[in-house]
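Take a look at the structure below.
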Ligand SMILES: *Cc1c(COP(=O)(O)O)cnc(C)c1O
């Protein structure tokens, strides 16, 4: 059994993918070939956003979004600590400071209540909320929030945008896991002024290498991001008007994504069926908490993550799954405030109790559109045999 079965998907569209790659080999425009524009227009239509800008990865999408907003040293950028390292890494790369905010215990996304407390603490320079060392030594300017749509579920945007408006903060959507999800009828990647996604192979829409995209309705920002994507270029290639990066998406990856996007809506529906089946199968156990999706939201199920009773219970389940040939994974075992890479922020264990607790109990099960009923039954049987 596979955790994410990319081979099953490839079998379906293998010949289309081969001919799409052949087309690129024949025309030879490997850098910014015609497939890039075509994909960008398809992505824009899919999300209902004016500008979709293909790029080299989800990490670079976030980096370029922050660069477009001129985020720099002395700026505070709020984010949950229960996420992949990229969310914080890009902030540090620009010399700005990640300011962690605890998560909601049911959605695992950034908690608007906690966010309000963290913003106040930064503004008042007091100890009413755990803050990074820099916030205590100097004054940080509250600049931006990076929300994360964890496991494919959009964050709690209405209260987040209210807070952002009150405090004059920018909001960037880290939709690396949520392309295809929706929030009250609006698509993920369209829920903030800038949305960023990843096409890493294991994401809901993945290519066969690294890739990502940035979304915005703001014409000025789009132009700036397109310039940053190619070394800060101006009118032409050797006229550089700002500091940029090499942040382009490969033409071959765009060609692959065009083919994958054709079956993506159907795959989203299949993912939902798989999630529904897990919920029904695991409802029999009062020891297991299955994911909770708030009304009006649709998850794209980048991961199907259950909450076990405690770390011992999780370990027992994982061991038995493993013995039965069933893969599982822990996203994420260590919240970012406890990572060595962030020891300079001088956060401590206990600063974000919900993130720490969830990190000790979370367990992600196999999840992909082609997961078979029989396999799900087998997974549930193993889990139920050590619960209750
Ligand atoms: C995967 C991921 C990223 C980074 O995407 P890459 O394409 O791997 O660079 C950023 N944020 C989150 C939440 C992710 O899951």
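Kindly check whether there is at least one residue in the stretch 65-79 that is in a helix (DSSP H, G or I) and within 13 Å of the ligand (Cβ to nearest atom). Give the steps one after another, and end with the answer.
First pass over the stretch 65-79, keeping only residues in a helix (DSSP H, G or I): 65-68.
The next check asks that each one be within 13 Å of the ligand (Cβ to nearest atom); those that pass are 65-66.
Yes: the stretch 65-79 contains one or more residues that are in a helix (DSSP H, G or I) and within 13 Å of the ligand (Cβ to nearest atom).
Would you mind finding the one in 238, 278 that is at negative phi, in a loop (DSSP other than H, G, I, E, B) and either surrounded by 19 or more Cβ atoms within 10 Å (Cβ to Cβ) or away from the ligand (no atom under 16 Å from the Cβ) (or both)? Break it down stepwise before answering.
Details: 278 fails: in a loop (DSSP other than H, G, I, E, B).
Within the list 238, 278, the selection yields 238.
Report whether or not residue 150 is within 17 Å of residue 86 (Cα to Cα) and within 15 Å of the ligand (Cβ to nearest atom). Taking the combined requirement at face value, the residue satisfies it. The lone criterion from (1) surrounded by 21 or more Cβ atoms within 10 Å (Cβ to Cβ); (2) not in a helix (DSSP H, G or I) left unmet by residue 325 is number (1). Here residue 204 clears all of (1) surrounded by fewer than 18 Cβ atoms within 10 Å (Cβ to Cβ); (2) not in a helix (DSSP H, G or I) except the condition numbered (1). Answer yes if at least one residue in the stretch 33-44 is within 16 Å of the ligand (Cβ to nearest atom) and either closer than 19 Å to residue 174 by Cβ or without any contact (Cβ under 8 Å) to a residue 60 or more places away in the chain (or both), and no otherwise. There is at least one residue in the stretch 33-44 that is within 16 Å of the ligand (Cβ to nearest atom) and either closer than 19 Å to residue 174 by Cβ or without any contact (Cβ under 8 Å) to a residue 60 or more places away in the chain (or both).
I'd like to verify a number: residues in the stretch 265-291 that are farther than 20 Å from residue 188 by Cα and in contact with a helix residue (DSSP H, G or I) (Cβ under 8 Å, 6 or more places away or on another chain), how many? Before the answer, list the steps.
Initial filter on the stretch 265-291 (farther than 20 Å from residue 188 by Cα): 274, 276-290.
Going one step further and asking which of them are in contact with a helix residue (DSSP H, G or I) (Cβ under 8 Å, 6 or more places away or on another chain), we end up with 274, 277-278, 281-282, 284-285, 287-288, 290.
Selection size over the stretch 265-291: 10.
Being more than 12 Å from the ligand (Cβ to nearest atom), more than 24 Å from residue 253 (Cα to Cα) and modelled with pLDDT of 95 or more is true for just one of 133, 186. Which residue is that?
On the way: 133 fails: modelled with pLDDT of 95 or more.
The conditions single out 186.
For the subset of the stretch 344-388 comprising residues that are free of Cβ contacts under 8 Å to residues at least 12 places away in the same chain and assigned to a loop (DSSP other than H, G, I, E, B), which member is surrounded by the most Cβ atoms within 10 Å (Cβ to Cβ)? That would be 372.
The values are calculated or read from the model by the stated rules, or taken from the named source; none is laboratory data. Just so we're clear, the structure is a prediction, and the values are computed from it rather than from any experiment. Ideal geometry is used to build each Cβ from the backbone, glycine not excepted, and the neighbour counts take in all protein chains shown.
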